[in-house]
1. Kindly indicate whether ALA351 is in contact (Cβ under 8 Å) with a residue 60 or more places away in the chain, of a type in the set (Gly, Ala, Ser) and surrounded by 18 or more Cβ atoms within 10 Å (Cβ to Cβ).
2. Given the condition in contact (Cβ under 8 Å) with a residue 60 or more places away in the chain and not β-branched (Val, Ile, Thr), answer yes or no: does some residue in segment 332-339 qualify?
3. Name the residue that is farthest from ARG339 (Cα to Cα), counting only residues in segment 357-386 that are assigned to a loop (DSSP other than H, G, I, E, B) and among the hydroxyl-bearing types (Ser, Thr, Tyr).
4. Any chance segment 297-315 includes a residue that's in contact (Cβ under 8 Å) with a residue 24 or more places away in the chain, under 30 Å from ASP177 (Cα atoms) and part of a strand (DSSP E or B)?
5. Among the listed residues ASN85, ASN140, which satisfies the condition of being closer than 19 Å to GLY248 by Cα, in the same structural domain as LEU53 (by TED's automatic domain parsing), polar (S, T, N, Q) and crowded, with 20+ Cβ neighbours inside 10 Å?
6. Determine whether ALA389 is farther than 20 Å from ALA335 by Cα, part of a strand (DSSP E or B) and either more than 20 Å from the chain's Cα centre (by Cα) or not polar (S, T, N, Q) (or both).
7. Only one of ALA375, ALA356, ALA343 is more than 28 Å from PRO240 (Cβ to Cβ) and either surrounded by fewer than 17 Cβ atoms within 10 Å (Cβ to Cβ) or without any contact (Cβ under 8 Å) to a residue 24 or more places away in the chain (or both); which?
8. If SER156 satisfies all but one of (1) out of contact with any strand residue (DSSP E or B) (no Cβ under 8 Å at 6 or more places or on another chain); (2) closer than 25 Å to ALA102 by Cβ, what's the number of the condition it fails?
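The values are calculated or read from the model by the stated rules, or taken from the named source; none is laboratory data. Bear in mind the structure is a predicted one, so any value in this text is a computation, not a measurement. Heads up, the Cβs are rebuilt from the backbone with ideal geometry, glycines too, and the neighbour counts pull from every protein chain shown.
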Amino acid sequence: MASHPVILGVGGGIAAYKAAELARALMERGCTVQPVMTDAAREFIQPLTFAALTGQKVITGLFGVRTSDEVLASSIDHIRVAQENALLIVAPATADLLAKFASGLAGDFLSTLYLAFEGPVLLCPAMNTAMWNHPATQANVEILRKRGHHILPPDSGPLACGTVGAGRLPDPPRIADFAIRLLTQKHDLDCETILITAGPTRELLDPVRFISNRSSGKMGYAMAEAAATRGARVILVSGPVQLTPPEGVEVVPVQTAVEMRDAVLAHLDAATVIIKTAAVADYYVAAVPTHKVKKTAMRFSLELEPTPDILAEVGRRKKDQLLIGFAAETENVVAEARRKLLAKNCDMVVANNVSADGTGFESDDNEVVLVTRDASPIALPRASKRALADQILDQALQVRLSLHP
């Protein structure tokens, strides 16, 4: 496996212990890891831990050394280390570090190294919820995001301080996977604007009830992350889901099928590729009661109207754009995908059997078949939805090349 040289900057927070897990996860993925610790980080975890895990000397200060086994001695090592590594990861990125980076302050090795580093930067904030939500922290995050840095927002959950909320360091394997994608990413979508729909829609029955489906939005969000990582401008029209939007993606939240159609048509002209992963409800109640319908012993019937067929409408309106539909089927998967391809004027349909165990709705994995007009169906074996997203994009580019040589 090829070696990817990365810097792991460790800030002074309780999540510093997870940075040791991150170092191991990065090495398992073929990275060589140069640890850099702030003085505050040393209060939570010892440099020896990182030295033992990575086999590297651990940098802890700009000047001088504490022991020859822990640190490098040169006062200009921040330049050398910056030049020798392909990615700077800071985890945990504390509120203090975010403020220093945003302001360009350089009072220790890590902040000085940050100014000298010219490659991609991945920041993984972790702190108390109130500190994360503070306007100063959010302003610093926005500055760093506009600077082109990649920021993995903190997860929500119980924190060391006893509160519950946003502030947890993302799981080390997730950070490591994101880092590998940054190190190996293609830039073949730099000139593309990709419009993606994801998740379910909700069609109201009354003010408190709705019709929906089991779509989690995971496939659409994976497609959005893959496209953005490869350089595309991504517009993600998302139904209600419990997912964190991918970094750098423009999110348009919607609830109903009508709202989704309006959002798609509003952005259609700007898109070069349209990917419709959303599971749009097929029916809605045309006249929604203004008050909650009370339960009685009487039978209750609904009069439902069909929702707009967004994929068909886009198929009619599209010009030279590439249109990719998704088909969630329970039988005759390829035949139904081909029918949808022709009926909706798609260029490719991604079909999967949602009745299969461990794939499809709500799962992290999927197993799909790519159906196009002129080629034989291509079966993509079971893999994570994020891994499949790149394979789908690869094939989409091949389809467009065949349509527009």
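1. Numbers: in contact (Cβ under 8 Å) with a residue 60 or more places away in the chain: no; of a type in the set (Gly, Ala, Ser): yes; surrounded by 18 or more Cβ atoms within 10 Å (Cβ to Cβ): yes.
So ALA351 fails the test.
2. The answer is no; no qualifying residue exists.
3. The first filter runs over segment 357-386 and keeps only residues assigned to a loop (DSSP other than H, G, I, E, B), leaving 357-364, 373-377.
From what is left, the residues that are among the hydroxyl-bearing types (Ser, Thr, Tyr) are 359, 363, 376.
Working: THR359: 23, SER363: 26, SER376: 15 Å.
Going through the qualifying residues, I end up with SER363.
4. The answer is no, given that none of the residues of segment 297-315 is in contact (Cβ under 8 Å) with a residue 24 or more places away in the chain, under 30 Å from ASP177 (Cα atoms) and part of a strand (DSSP E or B).
5. Values: ASN85 fails: closer than 19 Å to GLY248 by Cα.
Unique residue meeting the criteria: ASN140.
6. The answer is no for ALA389.
7. Working: ALA356 fails: more than 28 Å from PRO240 (Cβ to Cβ); ALA343 fails: more than 28 Å from PRO240 (Cβ to Cβ).
Result of the check over ALA375, ALA356, ALA343: ALA375.
8. (1)
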